[in-house]
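Comments concern the structure below.
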Amino acid sequence: MGRSENPVDRAVPERAQLADFLRDRKNTAGLTYRQMAKAVGGQPSEATFERAASGAIVPSMETVRMFIITTTTERDGLGPQFALISGRELWIRARRATRAPYYVRRAPDPTLISDTAGFLRALRHQHVWIGYPTPGEMERMSGPGVLPRTTTRRIIDGDALPVDPQQAIAFLKACYVTDEAELASWLAAAVRSLREDPARSKNLDKWMKFHQELVQQAESKDLATVTALREKEDKRAA
């Protein structure tokens, strides 16, 4: 029997909500932090798991992910996918509450962007909305050379736009915009903005090409989803 835990630190409500979510999973699984750490070979450690569910800190997303996977039970049905989505949303809220330098009421809507100033402002608001990751974190998420931290810092500070569509996509993906249709909407906003800014529109054809490719990817994904659902319904009817 493990020792009793300290109460969740509720100084920051969003951190406490994440901690409650993690503790509920641990208690449902009937595991101790030591057992959880042993199950993953000590990475994360017992102490790291315990701190993650304390409410006193915002753990890394990787720790949250491992916490959820380690505490997966039959209650999760087909697996931890839905719990991972919930955990990430709670983690983002906690990060936003503790790290964002200013308040953003909602995620930016790229369909409302009409000029380059608005596009840059929306990128900055998206960065705040998902919890203000550091340039170093974003660089690691994007891979070597794709999103240099110096460039990311200039975008975050409002001093520069992404130099090309690849860099814009990397920035957005590091801000958890990963769906092809959403990315296509952002690139459509970039194309609209650049058309109205001749000084920055020399690579417009490249932006348009990437936008069209994302639209096609989104349409293919939607078609595949519809086809899979129809096949599932046909099997049920047979």
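Here, each number is a calculation from the coordinates, and none is a lab measurement. None of these values were measured; they are calculated from a predicted model. Reconstructed Cβ throughout: ideal geometry from the backbone, glycine too, with neighbour counts over all protein chains shown.
Are any residues in the range 38-60 surrounded by 18 or more Cβ atoms within 10 Å (Cβ to Cβ) and either under 21 Å from residue 80 (Cα atoms) or free of Cβ contacts under 8 Å to residues at least 40 places away in the same chain (or both), and if so, which ones? Across the range 38-60, the qualifying residues are 44, 48, 49, 50, 52, 53, 58, 59.
Return yes or no: is residue 93 outside any helix (DSSP H, G or I), within 21 Å of residue 177 (Cα to Cα) and among the charged types (D, E, K, R)? Considered against the rule, which asks whether it is outside any helix (DSSP H, G or I), within 21 Å of residue 177 (Cα to Cα) and among the charged types (D, E, K, R), residue 93 comes out as no. Criterion applied to 165, 148 was being farther than 30 Å from residue 18 by Cα, surrounded by 15 or more Cβ atoms within 10 Å (Cβ to Cβ), without any contact (Cβ under 8 Å) to a residue 24 or more places away in the chain and not hydroxyl-bearing (Ser, Thr, Tyr), and the one residue passing it is 148.
Within the range 173-187, the only residue that satisfies the criterion of being in contact with a Ser or Thr (Cβ under 8 Å, 6 or more places away or on another chain) and under 15 Å from residue 120 (Cα atoms) is 185.
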